[in-house]
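Structure record follows, encoded as structure tokens.
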Amino acid sequence: MKRQFQTRWIPGALAVCLLLPSAMFARRKFKSLEPGSTPRRLVGEKTGAFATREGQRLRLVTDLGDVHIQTNESNEVSYHVRVESDEKNASTEKWANAFLVTARSGTEGVFLRGQAQHREDEGHLWITFDVIVPSNYNLEVSTGAGTIDTGDIEGRLGLSTGGGDITIGNITGTARLETGGGHIQIKDVSDDVIATTGGGHISVGRVGGNATLHTGGGHIHFRSVGKIARIETGGGNVSLEHAGAVLVATTGGGQIEVGEASGTIRARSGGGGIRVTRLSGPTQLETGDGSIYLTQVQSAVRASTGAGGITAWFGPDAKLAGTSELESGEGDIIVYLPKLLPVTIDAQIQLGDEHHVIVDPAFPLTVSYIGSEGAHAVRAEGALNGGGVILKLRTVAGNIRLILSDTCLQLQKQIYKQQMEHLQRQVEFHLRTITTPKPAPAPKPSKPEKPD
């Protein structure tokens, strides 16, 4: 559901109007210029400025148009609205009464409104809002169709577009972003962030608070989250370098990659692989068809896959406070265990006539067979270092292999380093694409209006 910002008119405020050309709003089209196409022609513009104070708010609501917001250290809000057309004979007279811009100032800040008038004329319109606000300012922006971008800003952000991209810089405060189908790109957010898109990708830097990210089908990449992260995509990949207190990640079919997680993890994929480089809290992982790869397991883990394999390296400092369970329908399960870890092994292969439990000779396990010859299950049980919490391993049609990780410690460190470097490169690549174009400076009136 598209979120609408409420418009509150401020009595006694100054209003300036711009009458500009319009086609029927339902027929508005935004298209990039191609070689040989008719170039855009400026058919109307409006500029203005209002005195304001830090900590106030810009509320901008427009039926359509791109919105570019930058900051400076002045105590005013200035704006520049441009209307362009691709018609060969476009003129201000012919295109009169197409787009109305209203600007108001009040005790809470500045309000800008852009309204498309309803006419049957054919043609294309491009509306652009270039706005400059103080660096410490709050933003509420809504456009029916167009992109939104901002520079670095200190304040609360609420940005919404019916279908364009949203690109913002570093935010000191909270951010709530919504687009009907475009991409969302964010640098760092000091507090909470909520980002929703109907199908685009989401890229985020560091989040100091909670993060709620949702896309109908795109990829989600971000660097770190300090508190709770809830991530959902209809089918794209998810990658995260560092997770905080809680991570809940869901994808309809993509891969999930997590670097270091200090808290609880709950991750589910409809068919992609799941990879966690280092986990320190209780973890539940599930995939319908992909493989699961865990490099440094420091806490209890439950992982299941319908058809892929599972590989888990338990770290030398692992503290398994509860039962760990690894389960695969058709894949192999490979577990690396420290030599001194106290744990009780319970491993079973349902179709044991074609698959085997392979163990290091140092493991004191008892192997037994259940069922008739040719259709029997294999079970291996034993207590290591006097026994401890249960490590339950289950596969229907795969092998189970237990290996002492002490002999592979250098390999484990190398894999850990490679995985973290891979994630960092991946996230950095997506964050490098974040650019916030600087708008053309808005000409200022000789005496900026003071708010009521």
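The values are calculated or read from the model by the stated rules, or taken from the named source; none is laboratory data. The shown structure was predicted, so the numbers you read here are calculated from the model rather than taken from an experiment. We place every Cβ from the backbone using ideal geometry, glycine too, and count neighbours over all the protein chains shown. Areas reflect the complete protein model, heavy atoms only, side chains present, ligands, DNA and RNA absent. Shrake-Rupley method; radii C 1.70, N 1.55, O 1.52, S 1.80 Å.
Out of contact with any Ser or Thr (no Cβ under 7 Å at 6 or more places or on another chain), within 23 Å of Pro338 (Cα to Cα), open to solvent by 10 Å² or more (accessible area, probe 1.4 Å) and touching a residue at least 40 places away in the same chain (Cβ under 8 Å): does that describe Pro282?
Considered against the rule, which asks whether it is out of contact with any Ser or Thr (no Cβ under 7 Å at 6 or more places or on another chain), within 23 Å of Pro338 (Cα to Cα), open to solvent by 10 Å² or more (accessible area, probe 1.4 Å) and touching a residue at least 40 places away in the same chain (Cβ under 8 Å), Pro282 comes out as no.
Can you find even one residue in region 65-74 that is within 24 Å of Thr147 (Cβ to Cβ), out of contact with any Asp or Glu (no Cβ under 6 Å at 6 or more places or on another chain), surrounded by fewer than 19 Cβ atoms within 10 Å (Cβ to Cβ) and modelled with pLDDT of 50 or more? The answer is yes; a qualifying residue exists.
Does region 79-86 include one or more residues that are open to solvent by 30 Å² or more (accessible area, probe 1.4 Å) and in a strand (DSSP E or B)? Yes, the conditions are met somewhere in region 79-86.
Being touching a Gly at 6+ places or on another chain (Cβ under 6 Å) and at negative phi holds for only one residue in Gly352, Gly329, and it is Gly329. For the criterion of being aliphatic (A, V, I, L, M) and open to solvent by 70 Å² or more (accessible area, probe 1.4 Å), Leu365 fails.
Can Asn385 be described as of a type in the set (S, T, N, Q) and at pLDDT 90 or above? It is false that Asn385 is of a type in the set (S, T, N, Q) and at pLDDT 90 or above. Evaluated against (1) modelled with pLDDT of 95 or more; (2) open to solvent by less than 40 Å² (accessible area, probe 1.4 Å), Arg266 falls short on exactly one condition, (2).
Restricting attention to region 332-342, the residues that are out of contact with any Gly (no Cβ under 9 Å at 6 or more places or on another chain), aliphatic (A, V, I, L, M) and surrounded by 20 or more Cβ atoms within 10 Å (Cβ to Cβ) total 2. When the test is whether a residue is modelled with pLDDT of 95 or more, open to solvent by 10 Å² or more (accessible area, probe 1.4 Å), in contact with a strand residue (DSSP E or B) (Cβ under 6 Å, 6 or more places away or on another chain) and not aromatic (Phe, Trp, Tyr), Thr250 passes it. Residues in region 375-404 that are β-branched (Val, Ile, Thr), in a loop (DSSP other than H, G, I, E, B) and open to solvent by less than 50 Å² (accessible area, probe 1.4 Å): there are none. The set of residues in region 177-198 that are farther than 15 Å from Ala145 by Cβ, in contact (Cβ under 8 Å) with a residue 60 or more places away in the chain and either in contact with a Ser or Thr (Cβ under 8 Å, 6 or more places away or on another chain) or not in a loop (DSSP other than H, G, I, E, B) (or both) comprises Gln185, Ile186.
Among the candidates Ile345, Ile358, the residue that is of a type in the set (Val, Ile, Thr), in contact (Cβ under 8 Å) with a residue 12 or more places away in the chain and open to solvent by less than 50 Å² (accessible area, probe 1.4 Å) is uniquely Ile345. I need the full set of residues from region 370-402 which are of a type in the set (Gly, Ala, Ser) and closer than 21 Å to Ala312 by Cα, in order please. Correct list: Ala380, Gly382, Ala383, Gly387, Gly388, Ala397, Gly398.
Scanning region 307-342 for residues that are of a type in the set (A, V, I, L, M, F, W, C), over 18 Å from Gly253 (Cβ atoms) and part of a loop (DSSP other than H, G, I, E, B) yields Ala318, Leu320, Ala321, Leu340, Leu341.
Scanning region 199-215 for residues that are without any contact (Cβ under 8 Å) to a residue 24 or more places away in the chain and open to solvent by 10 Å² or more (accessible area, probe 1.4 Å) gives Arg206, Gly208, Asn210, Thr212, His214.
State whether one or more residues within region 297-306 are part of a loop (DSSP other than H, G, I, E, B), open to solvent by 30 Å² or more (accessible area, probe 1.4 Å), farther than 20 Å from His422 by Cβ and among the hydrophobic types (A, V, I, L, M, F, W, C). Taking every residue of region 297-306 in turn, none turns out to be part of a loop (DSSP other than H, G, I, E, B), open to solvent by 30 Å² or more (accessible area, probe 1.4 Å), farther than 20 Å from His422 by Cβ and among the hydrophobic types (A, V, I, L, M, F, W, C).
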